[in-house]
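Below you'll find the structure, written out as structure tokens, and then a few comments.
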Amino acid sequence: LQGPRYLSPAPSGGFVVSEECGDVRVFTSSRKLLCSLGSRYGHRFGNPAGVCVDRDGSIMVADEQRRTVHLFPDRGAPVCLVSRGLQRPAGVACSSFGHLFVADAGENCVKVFK
């Protein structure tokens with residue numbers, strides 16, 4: 001890893017790690033690299049920060065530089081969940097009720113999206 005920042009456990013027993021100004025890497029439960037999201041999806045990150053994984057295994061990534069939150073499903077193309085209203089998204093978390101929580105360090109608050 002190069003500059004590991006944020007990490008999240010995955011339902012499969014593995015975990016996801018964001019790297020500063022780099023990529024987001026997905027590991028198996030035996031700590032072996034499964035893939036990098038940038039390579040797998042052809043996605044370029046600005047500065048990936050917070051990561052979380054929902055119960056379906058979809059990975060959400062906050063990108064501080066691009067001021068977005070993207071969802072990377074197990075199958076299919078990435079989806080931009082939040083593209084406006086964020087100054088510096090740092091941490092992300094998802095609830096079992098379908099809410100996305102984004103810690104916006106630029107505005108010193110937590111924003112909730114449904």
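Quick one: would you say S18 is under 14 Å from the mean Cα position of the chain (by Cα) and among the polar types (S, T, N, Q)? Yes: the conditions hold for S18.
In this entry, F72 is excluded by the filter for residues that are of a type outside the set (G, A, S), touching a residue at least 12 places away in the same chain (Cβ under 8 Å) and over 14 Å from S8 (Cβ atoms).
When restricted to residues that are among the small types (G, A, S), more than 20 Å from F101 (Cα to Cα) and open to solvent by 20 Å² or more (accessible area, probe 1.4 Å), the range 22-60 contains 5.
How about the range 6-22: which of its residues are touching a residue at least 24 places away in the same chain (Cβ under 8 Å) and either closer than 22 Å to R55 by Cα or aromatic (F, W, Y) (or both)?
Y6, L7, S8, P9, A10, P11, S12, V16, V17, S18
Checking each residue in the range 78-104 for being free of Cβ contacts under 8 Å to residues at least 40 places away in the same chain, in contact with a Lys or Arg (Cβ under 9 Å, 6 or more places away or on another chain) and surrounded by 12 or more Cβ atoms within 10 Å (Cβ to Cβ) picks out V82, G85, L86, Q87, R88, F101, D104.
Which of the residues belonging to the range 83-114 are among the basic types (K, R) and more than 16 Å from the chain's Cα centre (by Cα)? Quick ask: steps written out before the conclusion?
From the range 83-114, those among the basic types (K, R) are 84, 88, 111, 114; that's our starting set.
Passing the criteria: R84, K114.
The values are calculated or read from the model by the stated rules, or taken from the named source; none is laboratory data. None of these values were measured; they are calculated from a predicted model. Every residue, glycine among them, receives a Cβ derived from its backbone with ideal geometry; neighbour counts consider all protein chains shown. Heavy atoms of the whole protein, side chains included, go into the accessibility calculation; ligands, DNA and RNA do not. Shrake-Rupley method; radii C 1.70, N 1.55, O 1.52, S 1.80 Å.
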